[in-house]
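Worksheet: the structure to be examined is printed underneath.
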Amino acid sequence: MIGNFMLFPALVLIFSGFLSLFLRGNVRAALLLGAPLFTLWMVWQISDGPQLSVPYLGYELTLVYGSKLGRLFATVFSLMAFMGALFALNQRSKLELGAAFTYAGAAIGVALCKDLLTLFVFWEVMAVASTLVLVSNGAAALKAALRYGLMHFLGGVILMAGIAGHVAQTGSISFEAMTLERWPEMLMLAGILINAAAVPLGAWLPDAYPQASWSGMVFLSAFTTKTSVFVLIVAFPGEQVLIWIGLFMVFHGIIWAILENDMRRILAYSIINQVGFMLTGIGIGSEVALNGAAAHAFTHIIYKALLLMSAGSVVYMTGKSRCSDLGGLFRTMPVTMVTGVIGALAISAFPFTSGFVSKSMVTQGAADAHLSGVWYLLVAASAGVFLHAGIKFPWFVFFQKDSGLRPSDPPMNMQVAMIIGAVLCIFIGVMPQSLYAILPFYVDYVPYTFSHVVSQLQLLLFSGLAFFLMLGLLKRTETITIDSDWLWRRLGLILANGTVRLVVRVAAPVRHAGVQAVQALLWGLNKTHNEKGPLGRPAQTGSIAFLMVLFLAIFIALRFYS
Amino acid sequence: MKQQQDHWLVRPRTIKILWIMFSVVLALLVGADFFVAHHPHFGVDGLPSFSAVFGFISCVILVFGAKALGLLLKKPEDYYDR
């Protein structure tokens, strides 16, 4: 069935991102704010089932397919594009928002497609567009952008190899739940996990994201990892290995965030931590756990964007990002501080914020499945989230010592974007039914019981007590913390240099012999071909004619007597 | 002329009051546990003030674990540029 191209929401953002490069002033702003809202409206016009298909090389590509899960992700991606555009209007690089919209549009394309080929195309568009978001921050970000691009193209190649093998073996391009028994599916999972910033290559995220501009990181935090979460929910629900990968990421994020000094690297590690919660939920695979993973992706995108807008405002106004340079900003940046604190409470799953109603579904899933070890680790990690993001970020940026900096709150559009994010965090926390109604499965879960609220407050506030009692141990140092990116940023370099040295050493005798052989050859050639040599002397015309006749005679003789 | 004072929020007196308020809230939360019917999943988590103790201990372990790893993993900021 060839449907109506007007129902292809991904193209609206991609096209308006491209168009925005040629516009300026209010027209550009109107386009960039209107397009996400129009996309959101379109997403909710899509009814269930296939809506737009095109034939391609003998396959039927399902470009747009209505499902509750896809609509959930497309909704939050559209909201995110709107908030991000409002926040980033003052960004001087036009390329950044243009690329960010292409990136967001492609993410929506993934969320709404139903075949692996379309999925792959949008996947790669996301890789290119997100690399451009980094590149648009200029020379400082170029090396990180290159590493980021290489890592995502590697992930793309592995995913493509998996898809090709899967299609060859099953003959189906349908994007649906798969089992992890043969190598093509394993390759697909590996490719997806690279984008999810999973162990062992996940260090690309904290390496690259903090190199983006003050507004660029807001976009980067939203789409790549959460698109992977969406694909994993569809393709590998209940795949147990995801539980352990997820739990590893949860603690990887916390521990590295505790050690980091740069506030945007802290928030980057907390993305890994939060995606870990989602992967654990997907691995558990029950309806409540999958609902939890999807809901947590939804709420996470909003509160993480809010946190990064708050951090971005600080970078925009002060040019500083290291905790050791910041502190005491609450005096002059009240809006940035209050909205940032709301984001920090939401990521910590404080009652009456969005994180509380989404994350608790994942832990509930672990409890229902009688996975006691997983449950204890998830609860310990919830305490750790408050420690590394919930208190650490606002404390070191807005309170702590007085850094002497007195920046004002950022321009009005940036404040409004942060206020919208904060309102959404509290609205979802207070009215969880609004989110539960659009989750993939029916929700039979009540987050607000007296027992649950008291337990959660105990957990968080005693973590807070631990934070302030151990403040001396958490003092920021002017250091970076190496991660698995050491493998390709340091070990790779050492190996490459070592190889060069080895080659030079082994090759020296060989080269010496080679040089001598060439010199001998040249000496010989010189001997025969110099002006006195037998082949180098100027020849007389007569002797050449004689030689020609002689050759001719030999040929004729051979012709007749053979 | 009155000497210029720092923001009221960072004066020692305010910080002392905040600590007292925080302690009261913590005590109330622990106290509330004795009036709540918890529905433990695995047994231990049903004990009174389980969450408080578990949260506190988790954070202590995480911080000390991170400090220990930090000895190995923390490098100067120009580590990759050298």
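The values are calculated or read from the model by the stated rules, or taken from the named source; none is laboratory data. Not measured: the values here are computed from a predicted model. Because the Cβ atoms are built from the backbone with ideal geometry, glycine has one as well, and the counts that use them run over all protein chains shown. These accessible areas exclude ligands, DNA and RNA; they are computed on the full protein's heavy atoms, side chains included. Shrake-Rupley method; radii C 1.70, N 1.55, O 1.52, S 1.80 Å.
Summary of values
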{"read-out": "All positions within the stretch A:196-224 that are touching a Leu at 6+ places or on another chain (Cβ under 8 Å) and either of a type in the set (Val, Ile, Thr) or in the same structural domain as A:Ile272 (by TED's automatic domain parsing) (or both)", "value": "A:Val218"}
{"read-out": "Near pairs, Cβ below 8 angstrom, 6+ apart or cross-chain, from the stretch A:182-196 (under 14 Å from A:Pro237 (Cβ atoms)) to any residue that is hydroxyl-bearing (Ser, Thr, Tyr) and open to solvent by less than 10 Å² (accessible area, probe 1.4 Å)", "value": "A:Ile192/A:Ser228"}
{"read-out": "Test for A:Phe101: is it of a type in the set (Phe, Trp, Tyr) and open to solvent by less than 20 Å² (accessible area, probe 1.4 Å)", "value": "yes"}
{"read-out": "Any hit, the stretch A:274-286, residues being more than 23 Å from the chain's Cα centre (by Cα) and either under 23 Å from A:Tyr209 (Cα atoms) or not β-branched (Val, Ile, Thr) (or both)", "value": "yes"}
{"read-out": "Any hit, the stretch A:24-38, residues being open to solvent by less than 80 Å² (accessible area, probe 1.4 Å) and more than 26 Å from A:Ile419 (Cβ to Cβ)", "value": "no"}
{"read-out": "Subset of the stretch A:159-192 (residues that are part of a helix (DSSP H, G or I), among the aliphatic types (A, V, I, L, M) and crowded, with 19+ Cβ neighbours inside 10 Å)", "value": "A:Leu159, A:Ile163, A:Leu187, A:Met188, A:Leu189, A:Ile192"}
{"read-out": "B:Gly70 farther than 24 Å from A:Gln364 by Cβ and more than 9 Å from chain A (Cβ to nearest Cβ)", "value": "no"}
{"read-out": "Matching residues, the stretch A:68-98, being under 21 Å from A:Gly312 (Cα atoms), part of a helix (DSSP H, G or I), open to solvent by 10 Å² or more (accessible area, probe 1.4 Å) and of a type outside the set (Phe, Trp, Tyr)", "value": "A:Leu79, A:Leu86, A:Lys94, A:Leu95"}
{"read-out": "Hits in the stretch A:134-144 - residues which are at pLDDT below 95 and open to solvent by less than 20 Å² (accessible area, probe 1.4 Å)", "value": "A:Ala141, A:Ala144"}
{"read-out": "The one condition in (1) farther than 26 Å from A:Met418 by Cβ; (2) in a helix (DSSP H, G or I); (3) in contact with a Leu (Cβ under 7 Å, 6 or more places away or on another chain) that A:Tyr65 fails to fulfil", "value": "(2)"}
{"read-out": "Residues of the stretch A:359-381 classified as open to solvent by less than 10 Å² (accessible area, probe 1.4 Å) and facing chain B (nearest Cβ under 10 Å), total", "value": "3"}
{"read-out": "Matching entry among B:Trp8, B:Trp19 (being in contact with a helix residue (DSSP H, G or I) (Cβ under 7 Å, 6 or more places away or on another chain), more than 7 Å from every other protein chain (Cβ to nearest Cβ) and either surrounded by 15 or more Cβ atoms within 10 Å (Cβ to Cβ) or under 30 Å from A:Asp402 (Cβ atoms) (or both))", "value": "B:Trp8"}
{"read-out": "Which listed residue, of A:Leu31, A:Leu23, is modelled with pLDDT of 95 or more and either charged (D, E, K, R) or more than 24 Å from A:Trp123 (Cβ to Cβ) (or both)", "value": "A:Leu31"}
{"read-out": "Which numbered condition B:Thr14 misses (of (1) more than 8 Å from chain A (Cβ to nearest Cβ); (2) open to solvent by 60 Å² or more (accessible area, probe 1.4 Å); (3) in contact with a helix residue (DSSP H, G or I) (Cβ under 9 Å, 6 or more places away or on another chain))", "value": "(2)"}
{"read-out": "Which numbered condition B:His38 fails, given (1) outside any helix (DSSP H, G or I); (2) at pLDDT 90 or above", "value": "(2)"}
{"read-out": "Helices (runs of 4 or more DSSP H) completely within the stretch A:398-507 that count 1 or more residues being of a type outside the set (Lys, Arg), within 14 Å of chain B (Cβ to nearest Cβ) and open to solvent by less than 20 Å² (accessible area, probe 1.4 Å)", "value": "A:450-469"}
{"read-out": "Residue tally, condition out of contact with any helix residue (DSSP H, G or I) (no Cβ under 7 Å at 6 or more places or on another chain) and either facing chain A (nearest Cβ under 7 Å) or on the phi > 0 side of the Ramachandran plot (or both), over the stretch B:22-59", "value": "1"}
{"read-out": "Residue match in the stretch A:541-560 (condition: open to solvent by less than 60 Å² (accessible area, probe 1.4 Å), farther than 22 Å from A:Asp262 by Cα, among the β-branched types (Val, Ile, Thr) and not in a loop (DSSP other than H, G, I, E, B))", "value": "no"}
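The rows are residues; the columns are (1) touching a Cys at 6+ places or on another chain (Cβ under 8 Å); (2) among the hydrophobic types (A, V, I, L, M, F, W, C); (3) outside the structural domain of A:Leu387 (by TED's automatic domain parsing).
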site	(1), (2), (3)
A:Asp409	no, no, no
A:Val423	no, yes, no
A:His452	no, no, no
A:Ala496	no, yes, yes
